[in-house]
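Structure, as structure tokens:
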Amino acid sequence: MSEDRFQQLQHIIPAVSRETAGSLMAFESLFRKWSAAINLASPSTLSEIWGRHILDSAQIFPLAPQAQKWLDLGSGGGFPGVVLAILLKDRAGSAIDLVESNGKKAAFLRTAIAQAGAPGRVHAERIEAMRERIGTPEIITARALAPLHTLFGLAEPWLTSGAVALFQKGRDYRREIDESHDDWAFDLVEHPSAVGKESVILEISNLRRSGHSGRISR
């Protein structure tokens, strides 16, 4: 095990075990192997998988320390869904649903979940098809899936039923927030990223359709 990588992970999640860190490193190796055959991430980022993708995904976990029921939309190559599933192994009774419509990517996700023995379920379906099949989670995640306004439309059934979103966004996040206020109102907390200087994690709750802006905390 790389001691440097373990310490980097500990900086984000102080109580993380070496076993969990090892599972995340094994996931990284599997990701690299599959990436040679299918497009799981931009080729330009493959040299930075640990920091740019795995640690970036892991930083979501401490923001919901009690949550047990999670839902990851558009899971793609497993960020953050598989990373969260591995971390949830240490949280008894927890599970995450991963929704990914691409069949090849869904196959990779199932392989990764099985290899890690993680509490995750993969659904090779469109998000819209899962609205009545997945009960309301406590936390909804999405990374590099769609603009905020579109994410609200996709996650509306769950977010308006009490779920909280933790959406990762990059440098244009303020513009996305402003554009979303045309049709949505919501309560918002902005969490600065521990990995990317221009990135944030948007904690969104109390979503409703409205032309009025919600309360913003920083």
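Got a number for carbon plus sulfur as a percent of the range 66-218's accessible area, 1.4 Å probe?
45 percent
Send over the per residue convex hull volume for the chain, Cα only, as a whole number of Å³.
Dividing the Cα hull volume of the chain by its residue count gives 115 Å³.
Label-point separation (nm) for residue 126 and residue 42, each offset 7 Å from Cα along Cα-to-Cβ?
Once both label points are built, they end up 2.7 nm from each other.
Which order do peptides 122-128, 75-81 fall in by mean Cβ count within 10 Å, highest first?
Ranking, from highest mean packing down: 75-81, 122-128.
What percent does the relative contact order of the range 93-161 come to when contacts are Cα pairs within less than 8 Å and at least six residues apart?
31 percent
Pop a pseudo-label 7 angstrom from the Cα along the beta-carbon direction at both residue 161 and residue 18 and give the gap in nm to one decimal.
4.3 nm
Can you figure out the FRET efficiency of residue 149 with residue 3, using R₀ = 45 Å and their beta-carbon distance, to the nearest 0.05?
The pair residue 149/residue 3 has a calculated efficiency of 0.55.
Using a Gaussian network for the chain with springs between C-alpha atoms less than 10 Å apart, which of these wobbles most: 47, 205, 161?
The residue that fluctuates most here is 47.
Report, in degrees rounded to the nearest 10, the 0 to 90 angle that the Cα long axis of helix 3-12 makes with the longest principal axis of the chain.
Once rounded, the angle reads 20 degrees.
Given R₀ = 35 Å, what would the calculated FRET efficiency be for residue 33 paired with residue 208, taking r from the Cβ atoms and rounding to 0.05?
Plugging the Cβ-Cβ distance into 1/(1 + (r/R0)^6) gives 0.20.
The values are calculated or read from the model by the stated rules, or taken from the named source; none is laboratory data. As the structure is a prediction and not an experimental result, all values here were calculated from the model. Here Cβ is always computed from backbone atoms with ideal geometry, including for glycine, and neighbour counts include all displayed protein chains. To get the accessible areas, we keep the full protein, side chains included, count just its heavy atoms, and leave off ligands, DNA and RNA. Shrake-Rupley method; radii C 1.70, N 1.55, O 1.52, S 1.80 Å.
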